[in-house]
Amino acid sequence: MNSQLTNTPFDYLRRKNGEEYSPEIRINWCKAREYVLDRLKGTFFSPDDSGHLHVMVAGDSPLMLSVVRQLALSAHYANYVEYDVSSTLVCKNRTVIVIKSQNDHIVEELKKEEYLCNLLEYCKYTVYGEEHNASSYIDIEFDIVKELPKANVPNVMVIAEKELNEYFKSKTDTKFHIDTLPAVLASGMYNLGDVIGNLPAEDFHCAKRYYQALDKFQYSQMNKDKDLPLIGDACKDNPIKVKERLSNLFCADCFKQRYKVIEKCFEEALKKREKDKGKKLRKRGREKLEEELFERHNEALSRSEHERWVIEKLIMGYRPLNEAERLTYESLFDDARKAYLKQLKNNASDPAHIDLCSYRELRRVNPDDMKYDSFLMLAIPKILERRYRRGKRRG
């Protein structure tokens with residue numbers, strides 16, 4: 001297939017040394033994104049579900065490693081449990097990605113910037129039976145094997161390169177068109193200013209706190225941003241700004257999946273309510289029920305979004321603060337603290353972010369940022385409704 005890039009946001013992404021990625025790498029990213037999102041569209045877990053996604057990747061070619069990268073960016077679910085009620089790290093329902101490779105240098109290959117970059121430094125992974133980072137809080141783990149085991153566990157997905165080639169061979173359009181509108185709308189959240197910035201960092205999963213911000217987002221900001229490019233002239237030459245804008249794309253890629261979680265809960269709750277009431281709920285009642293479910297499951301969705309964001313940032317080359325940086329941060333106050341964190345985050349060759357930690361730790365070190373995850377999860381129905389015609393199924 002003679003694939004071509006068509007003004008994709010990935011065109012603007014650069015290596016830490018400023019070099020462009022080759023067209024082959026960017027095409028592999030586009031292929032992997034399109035294929036993985038299609039394969040994952042029927043896979044989701046509601047907050048109370050048990051089980052996890054188990055993916056077997058049959059090969060380690062550049063395309064297949066791009067698939068591994070995309071799986072890590074996209075396969076995050078609301079039933080992941082980081083800590084149990086007794087504050088014990090349990091990491092229940094992790095996504096497991098098994099990679100078939102007989103390359104003794106596969107870990108070094110995966111650590112390249114075009115694949116997992118910093119992720120393997122912090123997540124759990126096993127290489128030919130040898131375990132690393134066993135106490136990681138991250139919701140994805142990797143298992144590198146010489147031969148794939150038999151698929152004898154639930155929710156198994158096997159991906160082979162032949163399958164990918166057949167998938168793209170059947171497509172008549174050889175160019176990649178990425179729908180960036182949901183990402184553009186999501187990025188508008190950060191332009192709400194004081195209406196969300198001044199919310200206190202407490203009770204951040206209470207939906208009622210965000211009503212004013214949601215109204216401004218829906219009726220003002222979304223209309224203002226709808227015609228903007230995801231990566232415009234003002235930021236296309238700034239490597240950190242490009243990564244921040246791409247962050248909105250990776251986030252928006254999971255919106256439909258997260259909506260289906262609530263849709264599943266909605267169908268179950270709807271049947272129960274209509275049975276109890278003895279009649280069908282009218283349109284307003286159905287809308288109110290959906291709102292209630294997004295509110296009820298806001299914490300689980302927010303936790304999942306933070307896990308997704310952590311992995312995305314590590315893949316994009318960010319790292320957590322080191323001990324010396326944390327000591328400096330803790331010695332500063334107010335605006336000086338903010339300026340220091342901004343300086344660390346904007347270091348294009350080695351960006352560091354204070355929020356790269358477990359959700360539990362985030363509550364301690366930077367709780368103010370937790371409200372953005374909560375708000376964004378509540379905004380998903382409004383973004384999808386703005387993107388797709390009202391009443392049309394968002395599947």
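The values are calculated or read from the model by the stated rules, or taken from the named source; none is laboratory data. All of these numbers come straight from a predicted model, not from anything done at the bench. Cβ placement follows ideal geometry from the backbone for every residue including glycine, while neighbour counts extend to all protein chains displayed.
Here is how the numbers come out for the structure above:
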| read-out | value |
| --- | --- |
| Any chance ALA201 is surrounded by fewer than 21 Cβ atoms within 10 Å (Cβ to Cβ), among the hydrophobic types (A, V, I, L, M, F, W, C), more than 25 Å from ARG15 (Cα to Cα) and under 22 Å from the mean Cα position of the chain (by Cα) | no |
| Any hit, segment 15-24, residues being in contact (Cβ under 8 Å) with a residue 12 or more places away in the chain, among the aromatic types (Phe, Trp, Tyr), assigned to a helix (DSSP H, G or I) and within 30 Å of ASN238 (Cα to Cα) | no |
| Test: residue in segment 359-370 that is under 27 Å from ASN198 (Cβ atoms), modelled with pLDDT of 95 or more, surrounded by 21 or more Cβ atoms within 10 Å (Cβ to Cβ) and not assigned by TED's automatic domain parsing to the domain that holds LEU110 | yes |
| The listed residue being of a type in the set (Asp, Glu) and buried (at least 17 other Cβ atoms within 10 Å of the Cβ), out of GLU305, GLU287, GLU291 | GLU305 |
| Sole exception among (1) under 22 Å from the mean Cα position of the chain (by Cα); (2) farther than 23 Å from GLU292 by Cβ; (3) not in a helix (DSSP H, G or I) for CYS251, by number | (3) |
| Test: residue in segment 14-26 that is closer than 25 Å to LEU110 by Cβ, loosely packed, with under 15 Cβ neighbours inside 10 Å, in contact with a strand residue (DSSP E or B) (Cβ under 9 Å, 6 or more places away or on another chain) and not aromatic (Phe, Trp, Tyr) | yes |
| Residue selected from segment 27-59 under the condition hydroxyl-bearing (Ser, Thr, Tyr) and either in contact (Cβ under 8 Å) with a residue 60 or more places away in the chain or buried (at least 21 other Cβ atoms within 10 Å of the Cβ) (or both), by the criterion nearest to PHE294 (Cα to Cα) | SER46 |
| Unmet requirement for TYR80, which otherwise passes all of (1) aromatic (Phe, Trp, Tyr); (2) surrounded by 20 or more Cβ atoms within 10 Å (Cβ to Cβ); (3) out of contact with any Lys or Arg (no Cβ under 8 Å at 6 or more places or on another chain) | (3) |
